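Colleague: There's a structure below that I have some questions on.
The values are calculated or read from the model by the stated rules, or taken from the named source; none is laboratory data. It should be emphasised that the depicted structure is a prediction, and the values quoted were computed from it without experimental measurement. Note that each Cβ is placed from the backbone with ideal geometry, even for glycine, and that neighbours are counted across all protein chains shown. Note: accessible area is taken over every heavy atom of the protein model, side chains too, but ligands, DNA and RNA are not part of it. Shrake-Rupley method; radii C 1.70, N 1.55, O 1.52, S 1.80 Å.
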Amino acid sequence: MKKIISTIILCGAVLVMNAQDATSPNGKLSATTADNKLVISYDKKKVLELADVQFSKLDLASKVKTDYKMLEGKRLHCSNEANEYQASIGQNAKIVVRLYNDGVAFRYEYTHLKNQKHPEENTVYMIPEGTKRWFMQWAESYEGFFPENTTYKETPVPSFSGVFKSADGWCNRWSYPALLEPADGVFALISEANIERRQSASSLYNDGERYKVVQDKNELDLTGDWHTPWRVVIIGSLADIVQSTLVTDVSEPSKLNDTNWIKPGVVSWIYWAYNHGSNDYEIIKKYVDMAVTLKLPYVLIDAEWDEMNKIESNKGKTIEDAVAYANSKGVKPLIWYNSSVGWIDGAPTPKFRLNKPEDREKEFAWCEKIGVAGVKIDFFSGDNQANMDYCQDLLESAARHHLLVNFHGAPIPRGWQRTYPNLLSTEGVYGAEWYNNVPTFTKKAASHNATLPFTRNVIGPMDYTPCAFSDSQHPHITSKGHELALTVLFESGLQHLADRPESFLAQPNEVQAFLGELPSVWDETRFVSGYPGKSAVLARRSGNTWYVAGINGLDEAQKLATDLSFIGKGKAQFFTDDANGEWKITTTELPKEIECQARGGFVIVVNVK
């Protein structure tokens with residue numbers, strides 16, 4: 001088996017294309033081969049270069065069209081089309097390249113393998129010094145920041161996964177998604193999609209300007225046909241990046257025949273305020289009662305629920321009593337499990353209930369029987385093939401028992417939200433629970449929050465656990481308007497609200513009503529304005545109602561552009577901050593720009609019936 005070598009170079013030079021070029025359906029993306037290179041350009045600007053390729057040209061193989069429905073995400077009806085090209089790269093091996101209007105996807109395909117280890121892939125992204133980028137240092141939990149930079153020379157940050165550094169002391173392992181601005185106003189977001197069985201996920205290792213795709217551990221011997229996951233690069237303006245569904249477009253269609261039982265929604269969540277608390281029956285009741293008052297459909301009973309009977313004040317109450325109480329109030333309970341493949345020693349319980357197929361089936365059948373609506377599964381150990389198969393085992397078993405799934409402490413989404421639509425959220429983000437752990441988040445949160453709509457949340461649902469008006473163990477300095485805006489700005493099929501009942505119920509009636517009516521499913525998403533780390537304004541539509549959310553990532557006030565002409569004219573309910581940091585709630589005409597306080601934010605709600 002020959003090694004497959006491809007090098008991708010990002011730059012901003014102008015390239016004049018010719019009529020023989022491979023193109024996307026709208027002609028904006030193009031590819032041409034010359035001198036063992038495949039050059040990808042956007043709007044006549046050279047963006048990507050695959051060097052050392054083993055073919056002289058790409059042959060048009062077919063036109064690919066996708067049209068499908070999602071149960072959660074940035075839009076419910078998704079469609080895309082691509083021109084697909086292929087080229088032989090050795091005996092029984094080929095590269096398949098799809099040029100979409102909003103990016104490129106490629107993978108390597110093999111046939112007639114005979115008890116072989118998976119072929120080594122040497123895809124390398126060449127990212128020249130000086131290229132603006134927002135990269136996250138790799139951690140198996142994918143919980144880190146995306147600082148703006150123009151160099152690979154970043155000091156390694158310790159994580160639960162250890163420290164990854166080169167011989168000269170710089171970080172040398174990076175997570176997906178990785179955002180670049182290779183030319184002014186042209187962006188490229190690197191990720192991957194469609195992890196299937198017998199595959200591991202990958203990350204980027206760099207040696208200077210060379211960023212190599214390295215698949216995590218895969219011990220399987222392969223026989224028959226096999227292919228890599230799709231290597232995906234979303235390309236275009238920030239609107240193209242934010243609005244793209246390319247990750248799910250190239251992923252396998254839903255494997256579930258019956259999805260009528262899958263209902264996304266907003267969740268009251270105990271952990272943020274208490275660190276513990278899900279072993280306390282009376283605290284669980286408070287969060288159930290809050291869900292009733294705010295008209296939230298779900299409550300999450302987090303870790304340690306199996307130890308409820310150890311607390312004397314619970315008077316013998318168990319998780320079954322807590323589940324029954326929630327259901328009696330019309331609130332659907334979700335419960336937490338330790339995956340027992342990552343953090344085990346010293347970690348919270350329950351443990352080792354899902355690892356063996358027979359135990360998993362028994363546990364999920366019990367959940368279904370007592371009225372549990374879904375499960376949050378935590379503490380995975382990275383991207384290796386065993387974990388990827390385990391996640392799919394969990395999703396399939398949960399679906400058999402009509403259980404929604406939230407993966408926590410887990411790898412980022414790579415398209416499973418389409419293939420297994422009961423997967424409604426995944427953490428894989430440095431989110432609000434970090435106010436519990438270290439003081440780092442307090443000063444970084446505003447800028448980080450204004451980066452996530454252009455990076456992590458582009459590729460799939462994100463369980464950030466937004467919206468805290470009070471403080472946890474460490475304070476937040478984002479405003480009330482900023483916090484409320486996160487509930488719209490951040491997309492998640494299960495949107496967990498972080499704050500404690502006393503805080504939510506002390507907010508104005510208009511804010512409480514907003515939370516009770518908040519969708520977690522969107523018919524349409526539009527980029528309005530912003531720039532990574534500086535600000536973000538998005539508009540999302542649910543039925544006939546538009547929700548526009550914006551945040552300021554800076555420590556000083558700034559004006560945010562809000563051209564909402566696509567909505568039309570009309571009165572809007574406007575939530576923002578006054579100069580003293582208190583609520584300013586008004587009814588107003590749609591503004592063309594908004595003065596946003598330092599680390600502030602706003603939400604506009606417009607009904608267009």
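Colleague: Check Thr123: other-chain or 5+ apart residues with amide H under 5 Å from its amide H, H built from backbone geometry?
Modeller: Ser6, Val213
Colleague: Near the amide H of Tyr298, under 5 Å away, which other amide H atoms are found, from residues 5 or more places off or on another chain, if H is placed in the peptide plane?
Modeller: Those lying under 5 Å, H to H, from Tyr298 are Val266, Ser268, Lys332.
Colleague: Classify region 389-461 as rounded, prolate or oblate from the Cα gyration tensor: take a ≥ b ≥ c as the square roots of its eigenvalues, call it rounded if a/c is under 1.5, otherwise prolate when a/b beats b/c and oblate if not.
Modeller: Values: a/c = 3.26, a/b = 2.03, b/c = 1.61.
Prolate is the answer for region 389-461, as a/c is 1.5 or above and a/b outweighs b/c.
Colleague: If you take the square roots of the eigenvalues of the alpha-carbon gyration tensor of region 458-609 and sort them as a ≥ b ≥ c, do you get rounded (a/c under 1.5), prolate (a/b over b/c) or oblate?
Modeller: The shape class here is rounded.
Colleague: Another question, if that's okay. Putting +1 on Lys and Arg Cβ atoms and -1 on Asp and Glu Cβ atoms, find which of Gly236, Ile195, Ser254 reaches farthest to the positive end of the dipole of region 191-287.
Modeller: In region 191-287, that residue is Ser254.
Colleague: Let me ask something additional. Is there a quick way to get the dipole size of region 202-280? I mean about its Cα centre, with the Cβ of Lys and Arg at +1 and of Asp and Glu at -1; what is the value in debye to the nearest 20?
Modeller: Computed about the Cα centre, the dipole is about 180 debye.
Colleague: For region 389-517, report the translational diffusion coefficient in µm²/s to the nearest whole number, using Stokes-Einstein at 25 °C, 0.890 mPa s, and a Kirkwood Rh over Cα pairs. All intermediate terms of the calculation are to be shown ahead of the outcome.
Modeller: Values: Rh = 15.7 Å.
In µm²/s, the coefficient rounds to 156.
Colleague: Then there's this: Taking every Cα atom in the chain, find the radius of gyration and the maximum pairwise distance Dmax, and write them in Å.
Modeller: Over the chain's Cα set, Rg and Dmax evaluate to 23.9, 78 Å.
Colleague: If you don't mind, another one. Under the definition of Cα pairs under 8 Å and six or more residues apart, what whole-number percent is the relative contact order of region 538-609? Before the final figure, lay out each step's value.
Modeller: Numbers: 155 pairs, mean separation 32.1, N = 72.
Result for region 538-609 is 45 percent.
Colleague: Also, quick follow-up: What dipole magnitude, in Debye to the nearest 20, does region 82-196 give about its Cα centre under +1 on Lys/Arg Cβ and -1 on Asp/Glu Cβ? Mind dumping the intermediate values first?
Modeller: Numbers: 10 positive and 15 negative charges, 71 e Å.
With only Lys, Arg, Asp and Glu charged at Cβ, the dipole is about 340 debye.
Colleague: Determine the percent antiparallel among the DSSP beta bridges restricted to the chain, to the nearest 5. Can you show the working numbers first?
Modeller: Values: 120 of 149 bridges.
Of those bridges, close to 80 percent are antiparallel.
Colleague: Quick one: 3J(HN,Hα) in Hz for region 520-537, Karplus 6.51/-1.76/1.60 with θ = phi - 60°, rounded, Gly and Pro as x.
Modeller: Result, ordered by residue: 10, 10, 10, 6, 7, 10, 10, 6, 9, 6, x, 7, x, x, 9, 6, 8, 10 Hz.
Colleague: Follow-up. With a ≥ b ≥ c the root eigenvalues of the C-alpha gyration tensor of region 554-609, is it rounded (a/c under 1.5), prolate (a/b larger than b/c) or oblate? Provide the component values of the computation, followed by the final result.
Modeller: Working: a/c = 3.09, a/b = 1.64, b/c = 1.88.
Oblate, since a/c reaches 1.5 and b/c is not below a/b.
Colleague: In sequence order, what are the phi-derived ³J(HN,Hα) couplings for region 591-598 according to the Karplus relation 6.51 cos²θ - 1.76 cosθ + 1.60 with θ = phi - 60°, rounded to whole Hz, with x for glycine and proline?
Modeller: Residue by residue, region 591-598 yields x, 8, 7, 10, 6, 10, 5, 3 Hz.
Colleague: Further question: Could you list the GluC sites (Glu not before Pro) in region 367-437 that lie in coil according to DSSP, counting only those with at most 12 other Cβ atoms within 10 Å of their Cβ?
Modeller: Values: sites: Glu368, Glu396, Glu427, Glu433; in loops: Glu427.
Here no GluC sites (Glu not before Pro) fit, given the DSSP loop and packing criteria.
Colleague: Hey, how many Å between the Cα centroid of region 424-453 and the Cα centroid of region 477-516?
Modeller: What the calculation gives is 15 Å, centre to centre.
Colleague: Would you mind working out the accessible area per residue for the chain, using a 1.4 Å probe, and quoting it in Å²? Write down the numbers at each step before the final one.
Modeller: Numbers: 22750 Å² over 609 residues.
With the other protein chains kept in place, the chain gives 37 Å² per residue.
Colleague: Mind pulling the angle between the C-alpha long axis of helix 281-294 and the longest principal axis of the chain? Nearest 10 degrees, somewhere in 0 to 90.
Modeller: 80 degrees
Colleague: If you don't mind, another one. How large is ³J(HN,Hα) for each residue in region 144-151, as worked out from phi by the Karplus curve 6.51 cos²θ - 1.76 cosθ + 1.60 (θ = phi - 60°), to whole Hz, x for Gly and Pro?
Modeller: Once θ is set to phi - 60°, the couplings for region 144-151 become x, 9, 10, x, 6, 8, 10, 9 Hz.
Colleague: Among Gly73, Gly481, Ala326, flag the residue with its Cα farthest along the positive direction of the charge dipole of the chain, charges on Cβ as +1 for Lys/Arg and -1 for Asp/Glu.
Modeller: Ranked along the dipole, the leading option is Gly73.
Colleague: Determine the relative contact order of the chain: mean sequence separation of Cα pairs under 8 Å and six or more apart, normalised by residue count, in whole percent. Intermediate results must be reported in sequence, preceding the final value.
Modeller: Working: 1599 pairs, mean separation 73.2, N = 609.
This gives 12 percent for the chain.
Colleague: If you place +1 on the Cβ of every Lys and Arg, -1 on the Cβ of every Asp and Glu, and leave all else neutral, what size is the dipole of the chain about its Cα centre, to the nearest 20 Debye? All intermediate terms of the calculation are to be shown ahead of the outcome.
Modeller: Working: 65 positive and 76 negative charges, 213 e Å.
It works out to roughly 1020 debye.
Colleague: Please report, to one decimal in angstroms, the Kirkwood hydrodynamic radius of region 296-389 built from all distinct Cα-Cα pairs. All intermediate terms of the calculation are to be shown ahead of the outcome.
Modeller: Details: mean 1/r = 0.0699 Å⁻¹.
Kirkwood radius, region 296-389: 14.3 Å.
Colleague: If you take the charge dipole of region 132-171 about its Cα centre, with +1 on Lys and Arg Cβ and -1 on Asp and Glu Cβ, which of Tyr142, Phe160, Trp170 is farthest toward its positive end?
Modeller: Trp170
Colleague: I've got another one for you. Run through region 177-259 and list the GluC sites (Glu not before Pro) located in a DSSP loop whose Cβ has at most 13 other Cβ atoms within 10 Å.
Modeller: Glu219
Colleague: Cα centroid distance between region 314-393 and region 272-311, in Å?
Modeller: Between the Cα centre of region 314-393 and that of region 272-311, the gap is 15 Å.
Colleague: Among the trypsin sites (Lys or Arg not before Pro) within region 69-152, which fall in a DSSP loop and have no more than 16 other Cβ atoms within 10 Å of their own Cβ?
Modeller: Details: sites: Lys69, Lys74, Arg75, Lys94, Arg98, Arg107, Lys114, Lys117, Lys132, Arg133; in loops: Lys74, Arg75.
Listed in order of number, the matching sites amount to none.
Colleague: List the residues whose amide H sits under 5 Å from the amide H of Glu140, counting only those 5 or more places along or on another chain, with H placed 1.01 Å from N in the peptide plane.
Modeller: Sorted by chain and number, the residues that satisfy this are Ser161.
Colleague: On the protein heavy atoms, probe 1.4 angstrom, tell me the percent of accessible surface of the chain carried by carbon and sulfur.
Modeller: Working: 10890 of 22750 Å².
Percent of accessible area from carbon and sulfur atoms in the chain: 48.
Colleague: Would you count, across region 87-175, every pair of lysines whose alpha carbons are under 30 angstrom apart, provided the pair is eight or more residues apart or spans two chains? Write down the numbers at each step before the final one.
Modeller: Numbers: Lys94/Lys114; Lys94/Lys117; Lys117/Lys165; Lys132/Lys153; Lys132/Lys165; Lys153/Lys165.
So the count of such lysine pairs works out to 6.
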